[in-house]
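The values are calculated or read from the model by the stated rules, or taken from the named source; none is laboratory data. Keep in mind that what you see is a predicted model, and the values were worked out from it rather than measured. All Cβ positions, glycine included, derive from the backbone under ideal geometry; neighbour counts span all protein chains shown. Areas reflect the complete protein model, heavy atoms only, side chains present, ligands, DNA and RNA absent. Shrake-Rupley method; radii C 1.70, N 1.55, O 1.52, S 1.80 Å.
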Amino acid sequence: MKLNTLKPAEGSTKTNKRLGRGAGSGKGGTSTRGHKGAKSRSGYKRKSGFEGGQMPLQRRVPKFGFTNPNRVEYKAINLDTLQQLAEQTGESAITVEVLASHGLAAKNDLIKVLGRGELKSKVDVTAHKFSATAEAAIEKVGGTVTKL
């Protein structure tokens, strides 16, 4: 094999459509852009959401409600999940890092422990928030609750 014999694979290259090179080329005159209008001009860029002058969907649909920009989102972890994790890993201290390493939360998630399910093993739980029932259930089996 020699460098001067290398060729691209069959059908992998195409010749460019040469626009505006005279009437004889078949692609002269309007250069395949049709007549007049924004799309025929140079520098035309379609705005996202533009529907050819028809009232865009974004403006047709009624708007309602409110999104609070200061909302604090917590990742909910229930007691049954903590029990399952304690059985699998055998750890007595469950922290945010432990939950993140086992894929139950992302490392930057704020975590709230909720009271669904039953906790049988004694665990020390560290999280950002606890529901009253979760806190009571953890302390009932002899574990401790630490708020970050």
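Observations, loosely collected:
- Placed amide H near residue 75: partners under 5 Å, 5+ positions off or other chain: 110, 111, 112
- For segment 82-140 versus segment 6-66, the inter-centroid distance based on Cα atoms is 55 Å.
- Computed with a 1.4 Å probe over protein heavy atoms only, the accessible surface of segment 1-108 comes to 88 Å² per residue.
- Calculated SAXS-style log₁₀ I(q)/I(0) at q = 0.11 Å⁻¹ - segment 1-70, Debye, Cα scatterers: -0.65
- Low-density loop cleavage sites - GluC sites (Glu not before Pro) in segment 1-107, where at most 10 other Cβ are within 10 Å (DSSP): 10, 73
- With Cα atoms, 0 to 90° folded angle of helix 79-89 axis to the chain main axis: 90
- Long-range amide H partners of residue 130 with built H, under 5 Å: 113
- Backbone amide hydrogens, once placed in the peptide plane, bring residue 143 within less than 5 Å of 123, excluding anything fewer than 5 places away on its chain.
- Gyration tensor (alpha-carbon) shape descriptor, segment 50-148, a/c threshold 1.5: prolate
- The HN-Hα couplings worked out from phi for segment 17-26 by the Karplus form 6.51 cos²θ - 1.76 cosθ + 1.60 (θ = phi - 60°) are 6, 8, 8, x, 10, x, 5, x, 6, x Hz, whole numbers, x standing for Gly and Pro.
- For the set 107/147; 14/36; 14/39; 27/47, the pairs lying more than 21 angstrom apart at their alpha carbons are 14/36; 14/39; 27/47.
- Each residue of segment 37-45 is assigned a 3J(HN,Hα), and the resulting list reads x, 4, 5, 8, 7, 6, x, 5, 9 Hz, derived from the Karplus form 6.51 cos²θ - 1.76 cosθ + 1.60 (θ = phi - 60°), x at Gly and Pro.
- Surface composition of segment 1-79: carbon and sulfur atoms hold 52% of the protein heavy-atom accessible area at a 1.4 Å probe.
- Residues in segment 134-141 carry Karplus couplings, in order, of 5, 4, 5, 5, 5, 6, 5, 8 Hz; the curve used is 6.51 cos²θ - 1.76 cosθ + 1.60 with θ = phi - 60°, and Gly or Pro positions show x.
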